[in-house]
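Notes follow the structure.
The values are calculated or read from the model by the stated rules, or taken from the named source; none is laboratory data. The shown structure was predicted, so the numbers you read here are calculated from the model rather than taken from an experiment. Cβ placement follows ideal geometry from the backbone for every residue including glycine, while neighbour counts extend to all protein chains displayed. Heavy atoms of the whole protein, side chains included, go into the accessibility calculation; ligands, DNA and RNA do not. Shrake-Rupley method; radii C 1.70, N 1.55, O 1.52, S 1.80 Å.
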Amino acid sequence: MKHLTMVAILAMVVVLASAQKYTDKFDNIDVDRVLSNDRILNNYLKCLLDKGPCTQEGRELKKTLPDALKTNCEKCSEKQRTSSRKVIAHLEDRKPQEWKKLLDKYDPEGIYKSKYEKLNKRS
């Protein structure tokens, strides 16, 4: 009986630990293709800014983004972190007006942007 209880507790810990990560079902999206296609990128931006409809991927991103910002992407996979950095760099460099709109909506006090910049200086 003790072993069964221990197995049940371990199973619960594994489930909780895996729940601490964001879904990886969209990790195979070709971020470079999205960033190089203004039509697709603009659709994602409209979704995030509540200016247009969202795809399933866009809805998931929109749902996850506030928590990812607050936790510094703690629940992100390495692939998600890499893709996030790529997207941020692209928006900062090539779409600064849209980047500002995203910051105004998701980081109005500039808290997360400041954290991100500090982390990138260390990297």
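Assorted remarks:
- With respect to the stated conditions, Lys86 is open to solvent by 60 Å² or more (accessible area, probe 1.4 Å) and modelled with pLDDT of 90 or more.
- Only residues that are surrounded by 15 or more Cβ atoms within 10 Å (Cβ to Cβ) and either touching a Ser or Thr at 6+ places or on another chain (Cβ under 8 Å) or in a helix (DSSP H, G or I) (or both) were counted across region 89-100, and they come to 4.
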